[in-house]
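One structure is given here, and the rest of the page talks about it.
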Amino acid sequence: MFYSYSDLPDDLIKAKVTHYCYDYFFHYLLIQSDKIRLALCQYMSEDYTIKETYIENSESYKPYYYGKKLIMDIVVKDDQDRYYNFEMQNYDILADDELRFSRYIDRLFDRQEKKGIGYDEMKDVYQLILYTGKPIKKFNHYQHIITRGDFNYKVVLENQKAHTTLLQLRKMKEDLNMEIGLNKINQLVYLFMNNKPHENSEMCEEVEEAVQIHNKYMRNDEIIKGYELERERMVIKTKTNIARKEGREEGLKEGQDKGKKKNVIIMFYNWLSLYMVFRIIHGLIIAVMNSYQKHFNWLSKDIHMNS
């Protein structure tokens, strides 16, 4: 049983769960801070008339592995009844993540449909993915707006109702001038990525509040929950890796067994082919010998008669 951060035994996990970009802290931060939720919603919708935001469901869309929650995202609604999904993605984005992102935003429409809202009346939905992993291939910038369209002809649908923004935090310093002040959203992103406020910016209220909430997080039970979550993730990851290794070894053995059987079959066919060739050659030799024998007998008979 752990009672404080100093009680936690694993330094690697301890360092990870204290980082501002740790997804459990990000989840906790958005629940605690009306100010930061509001800033993110205004940024995504570009509607600065929004005054209030609400936690719609902070327990939604968490995949389970043997009953363990693995993903921390949060659904927010603004005072215009528009839905937002926010997620901090710290692992490299793979094919299943791309599908998951797509399903998340579709479910924001499902929420409206379940309330009896028709397609023609549905509000826009927004998704923000803060991504600290390896930049996606061919996605070479800090900010990418994901739209739907026909990219063979370089056209997009005019009535975009689903809005996804991907911020690749590793690309931030490449695309933005770090020598000048940043706006409040980029200050927050810088804090998440670098674990400290941006030195050349006048600290905005949102960053100040994030720092205060982080200090609170470090002193209460939430840091213990984050630690236990990450430890479970590492156990699950280890089990998964072992299972994959055993699967590869079993597949390799199966492949080797199949290879041996295939080699036996090939050897049999090679032997059979050689045998058939031998039989054919043997038959030809016998035929030639019989022909010579007949010719020799005829020649001997003819010589005998002439003599």
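Considering the range 77-97, and only residues there that are among the acidic types (D, E) and not in a strand (DSSP E or B), the residue that is nearest to Y54 (Cα to Cα) turns out to be D79. R148 fulfils the conditions (1) open to solvent by 80 Å² or more (accessible area, probe 1.4 Å); (2) under 24 Å from E208 (Cα atoms); (3) not hydrophobic (A, V, I, L, M, F, W, C) except for a single criterion, (2). Answer yes if at least one residue in the range 235-251 is under 30 Å from D11 (Cα atoms), modelled with pLDDT of 70 or more, in contact with a Phe, Trp or Tyr (Cβ under 8 Å, 6 or more places away or on another chain) and assigned to a helix (DSSP H, G or I), and no otherwise. Yes, the range 235-251 has at least one match.
When each of Y119, Y131 is tested for being hydroxyl-bearing (S, T, Y) and surrounded by 12 or more Cβ atoms within 10 Å (Cβ to Cβ), the lone residue that passes is Y131. One residue stands out in the range 121-167 among those that are polar (S, T, N, Q) and in contact with a helix residue (DSSP H, G or I) (Cβ under 9 Å, 6 or more places away or on another chain): the one that is farthest from F101 (Cα to Cα), namely N140. Only one entry in R100, R107 is in a helix (DSSP H, G or I), open to solvent by 50 Å² or more (accessible area, probe 1.4 Å) and among the charged types (D, E, K, R), namely R107. Just give me the residues in the range 18-40 being under 15 Å from V75 (Cα atoms) and polar (S, T, N, Q), in sequence order. Answer for the range 18-40, where residues must be under 15 Å from V75 (Cα atoms) and polar (S, T, N, Q): Q32, S33. Residue count for the range 167-196 under the criterion of being free of Cβ contacts under 8 Å to residues at least 60 places away in the same chain and crowded, with 19+ Cβ neighbours inside 10 Å: the result is 8.
Considering only residues that are of a type in the set (S, T, N, Q) and in contact with a Leu (Cβ under 9 Å, 6 or more places away or on another chain), which ones fall in the range 169-193?
Narrowing the range 169-193 to residues of a type in the set (S, T, N, Q): 177, 183, 186-187.
N186, the sole residue that qualifies.
The values are calculated or read from the model by the stated rules, or taken from the named source; none is laboratory data. Predicted model only: the values in this text are computed from it and were never measured. With ideal geometry, Cβ positions are generated from the backbone for all residues, glycine too; neighbour counts draw on all protein chains shown. In case anyone asks, the SASA skips ligands and DNA or RNA and just uses the protein heavy atoms, side chains included. Shrake-Rupley method; radii C 1.70, N 1.55, O 1.52, S 1.80 Å.
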